[in-house]
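The values are calculated or read from the model by the stated rules, or taken from the named source; none is laboratory data. Keep in mind it's a predicted model, so treat the numbers as computed, not measured. Virtual Cβ from ideal backbone geometry, glycine too; neighbours counted across all protein chains shown.
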Amino acid sequence: MSGRSRQETRRSVKATISGEDARRKREETSRSLRQSKKDEVMLKRRHFTEELIEEATTSSPIPTLEELPMILDAVRSDNVQRQLQGTRQIRKLLSVERNPPIDDVIATGVIPTLVQYLTVNHLPDLQFEAAWALTNIASGTSKHTLTVVESGAVPQFINMMSSFGSSEELKEQAIWAIGNIAGDSPALRDLCIDLNAIPSILGTLEGTTRISLLRNATWTLSNMCRGKPEPNLAKVQLCLPALAKLANYTDEEILTDACWALSYLSDGSNQKIQAVIDTGIVPRLVSLLGHSSTTVITPALRTVGNIVTGDDSQTQHVLSVGVLKYLSALLRINKRGIQKETCWLISNVTAGTATQIQAVIEAGVMPEIISLLEDGALEVKREASWALSNATCAGNVEQIHTLVKMGCLKPICSLLDCSDSRIITVLLDALENILKAGKTWAEKRNLSSKGVEESNPFANLVEEYDGLDKLEGLQTHHQEEIYNKTIKILENYFQTEDENENTMPVQSTPNSFQFTGVPTFSF
């Protein structure tokens, strides 16, 4: 035997994964899954409209930077009409689609004046133009956003939301500005929260049918709920009833941002998960897994996946509303992110009870998992390996036998020499659980048999799929955990040549087991 001697290096080996370890909250896993989504969730938005393009071809063209000194004179004048005209011109400068001159405008020192105009409740048009300009400045870099914040804009925006005299258009612009500020960093998010932005936003939602306001409010609430370190749970949980209502809209943009917000609020402790469940939103979230748009499916799937990381009863709640019927179709969507998230969700269900594992098997999900183990992208295989391994860890012998009949051993053996050490580690656990089930089957057969003793049928399949050769190769693996798991499997389930040399071969009889396929269990 090549490499280290098995007898010389015999040592205690870490036990296979337990059910508690197998159910994985978003820690190590979430970092990689979230990373792939960060560009899909817009943290800041600039306000520009097609009206600007139309204006450029009419009597009111977009101003140029050369006109900025004259514009500033108007903004700072004592004449209200000139103030409005100048502020509108600054807003137009900052609303161009590409490369708005934010730095040039900030350098003029006009920001405090624009913030002051937020307070002129008797001049709503001037308030609106100033709010729009500041919103676009806050959509820039962190330096730009901080300039707006340090000028005292946040309390004024919140006052605009709460004011009975403010129009819905003005309130929407204030919400938009707060969304850009909260999306900049956890520190500014917490500043907005501490200044009671959330109750003010929720107040604007009451009774409104303005779709653009609903969209901006939902997006801003999602920015309030996201980020690490997490926001104060007691304060952001105020959003939950409103988000549950928003998630029942049909508008795709509202649905998407509401689901992202719910995904942030369900990410973590069982207490957070239960708070989301208590809104009654889970059936709706599960139904959204069948939505026609992947921009909706992705955050809905993330939220449902978070919920099944909870305890068995929380996981069962998701199963009871029919989540399993959507999963095979999700696994067939040709998007790695959705395939990974779905495998991750399944892995947390298969880390549950034998009843929950049986539900997954009966839903026809596992053949798709096995297929992804064979043909999926590497990062998808990593999550699929967890889904399968957890099922072998928490499942009973009959369930493991079913998985073997489905063909899980072939991709397991194939991946034992892959480049991803984590996949190897997880699949070694799966392999040990399968071999243990095969040993149990053989022992029960031998106890009840009067004929020739039968060997472990799954060990024979491992050899047939070249798994034994790959296990022998893993004895030289550089990772101690992989080496130890390999040694344990070889010692417990495969005899070495030294162990075999004094053993007479067993003669086959007509009633002996033939290793040409997967055995039929009979206990």
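Of all residues in the stretch 221-240, how many are buried (at least 24 other Cβ atoms within 10 Å of the Cβ) and acidic (Asp, Glu)?
Of the residues in that region, 0 qualify.
From 218, 141, 147, grab the single residue that is modelled with pLDDT of 95 or more, out of contact with any Ser or Thr (no Cβ under 8 Å at 6 or more places or on another chain) and either crowded, with 24+ Cβ neighbours inside 10 Å or closer than 30 Å to residue 287 by Cα (or both).
Working: 141 fails: either crowded, with 24+ Cβ neighbours inside 10 Å or closer than 30 Å to residue 287 by Cα (or both); 147 fails: either crowded, with 24+ Cβ neighbours inside 10 Å or closer than 30 Å to residue 287 by Cα (or both).
Sole residue among the options that is modelled with pLDDT of 95 or more, out of contact with any Ser or Thr (no Cβ under 8 Å at 6 or more places or on another chain) and either crowded, with 24+ Cβ neighbours inside 10 Å or closer than 30 Å to residue 287 by Cα (or both): 218.
This table checks each residue for (1) assigned to a helix (DSSP H, G or I); (2) buried (at least 24 other Cβ atoms within 10 Å of the Cβ); (3) of a type in the set (A, V, I, L, M, F, W, C).
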| residue | (1), (2), (3) |
| --- | --- |
| 175 | yes, yes, yes |
| 187 | yes, no, yes |
| 193 | yes, no, yes |
| 201 | yes, yes, yes |
| 207 | no, no, no |
| 261 | yes, yes, yes |
| 273 | yes, yes, yes |
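Looking at (1) farther than 21 Å from residue 317 by Cβ; (2) acidic (Asp, Glu); (3) out of contact with any helix residue (DSSP H, G or I) (no Cβ under 7 Å at 6 or more places or on another chain), can you tell me which one residue 251 breaks?
(3)
Which of the residues belonging to the stretch 362-377 are within 20 Å of residue 465 (Cα to Cα) and either part of a loop (DSSP other than H, G, I, E, B) or aromatic (Phe, Trp, Tyr) (or both)?
376
May I ask you to list the residues in the stretch 122-166 that are aliphatic (A, V, I, L, M) and either under 26 Å from residue 208 (Cα atoms) or touching a residue at least 60 places away in the same chain (Cβ under 8 Å) (or both)? Steps first, answer last, please.
Residues of the stretch 122-166 that are aliphatic (A, V, I, L, M), as a first pass: 123, 126, 130-131, 133-134, 137-138, 146, 148-149, 153-154, 158, 160-161.
Matches in the stretch 122-166: 123, 126, 130, 131, 133, 134, 138, 153, 154, 158, 160, 161.
Just give me the residues in the stretch 248-286 being modelled with pLDDT of 95 or more, out of contact with any Pro (no Cβ under 9 Å at 6 or more places or on another chain), of a type in the set (Ser, Thr, Tyr) and closer than 22 Å to residue 311 by Cα, in sequence order.
Residue satisfying the conditions is 266 alone.
Is there any pair linking a residue in the stretch 298-318 that is in contact (Cβ under 8 Å) with a residue 40 or more places away in the chain and on the phi > 0 side of the Ramachandran plot to one that is crowded, with 24+ Cβ neighbours inside 10 Å and part of a helix (DSSP H, G or I), with Cβ under 6 Å and at least six apart or on different chains, and which?
Here the result reads none, with nothing in the stretch 298-318 linked to a residue that is crowded, with 24+ Cβ neighbours inside 10 Å and part of a helix (DSSP H, G or I).
Tell me the residue from 443, 379 that is surrounded by fewer than 19 Cβ atoms within 10 Å (Cβ to Cβ), closer than 20 Å to residue 479 by Cβ and acidic (Asp, Glu), please. Spell out how you get there, then give the answer.
Working: 443 fails: closer than 20 Å to residue 479 by Cβ.
None of the other options fit; the residue is 379.
I'm checking my understanding of the structure. Among residues of the stretch 386-402 that are under 14 Å from residue 457 (Cβ atoms) and aliphatic (A, V, I, L, M), which one is surrounded by the most Cβ atoms within 10 Å (Cβ to Cβ)?
Checking each candidate, the answer is 400.
Tell me which residues, restricted to the stretch 339-357, are among the hydrophobic types (A, V, I, L, M, F, W, C) and touching a helix residue (DSSP H, G or I) at 6+ places or on another chain (Cβ under 6 Å). Even if it seems obvious, please write down each step before you answer.
In the first step, residues of the stretch 339-357 are kept if they are among the hydrophobic types (A, V, I, L, M, F, W, C); the result is 343-346, 349, 351, 354, 357.
Scanning the stretch 339-357 gives 343, 344, 345, 346, 349, 351, 357.
Consider residue 74 carefully, then state whether it is loosely packed, with under 14 Cβ neighbours inside 10 Å, of a type in the set (Gly, Ala, Ser) and either under 43 Å from the mean Cα position of the chain (by Cα) or at pLDDT 90 or above (or both). Please lay out each step first, then the result.
Working: loosely packed, with under 14 Cβ neighbours inside 10 Å: no; of a type in the set (Gly, Ala, Ser): yes; either under 43 Å from the mean Cα position of the chain (by Cα) or at pLDDT 90 or above (or both): yes.
In short, no.
Would you mention how many residues in the stretch 182-224 are closer than 15 Å to residue 42 by Cβ and touching a Phe, Trp or Tyr at 6+ places or on another chain (Cβ under 8 Å)?
Here the count works out to 3.
Given the conditions (1) under 18 Å from residue 296 (Cα atoms); (2) surrounded by 23 or more Cβ atoms within 10 Å (Cβ to Cβ); (3) over 18 Å from the mean Cα position of the chain (by Cα), report the number of the one that residue 325 does not fulfil.
(2)
Suppose we filter 351, 387 for residues that are in a helix (DSSP H, G or I), out of contact with any Asp or Glu (no Cβ under 7 Å at 6 or more places or on another chain) and closer than 30 Å to residue 443 by Cβ; which single one remains?
Values: 351 fails: in a helix (DSSP H, G or I).
Checking each option against the conditions leaves just 387.
If I filter the stretch 124-131 for residues that are at pLDDT 95 or above and under 30 Å from residue 228 (Cα atoms), do I get at least one hit? Reasoning before the result, please.
So in the stretch 124-131, the residues at pLDDT 95 or above come out as 124-131.
With the extra rule that they be under 30 Å from residue 228 (Cα atoms), the set shrinks to 131.
There is at least one residue in the stretch 124-131 that is at pLDDT 95 or above and under 30 Å from residue 228 (Cα atoms).
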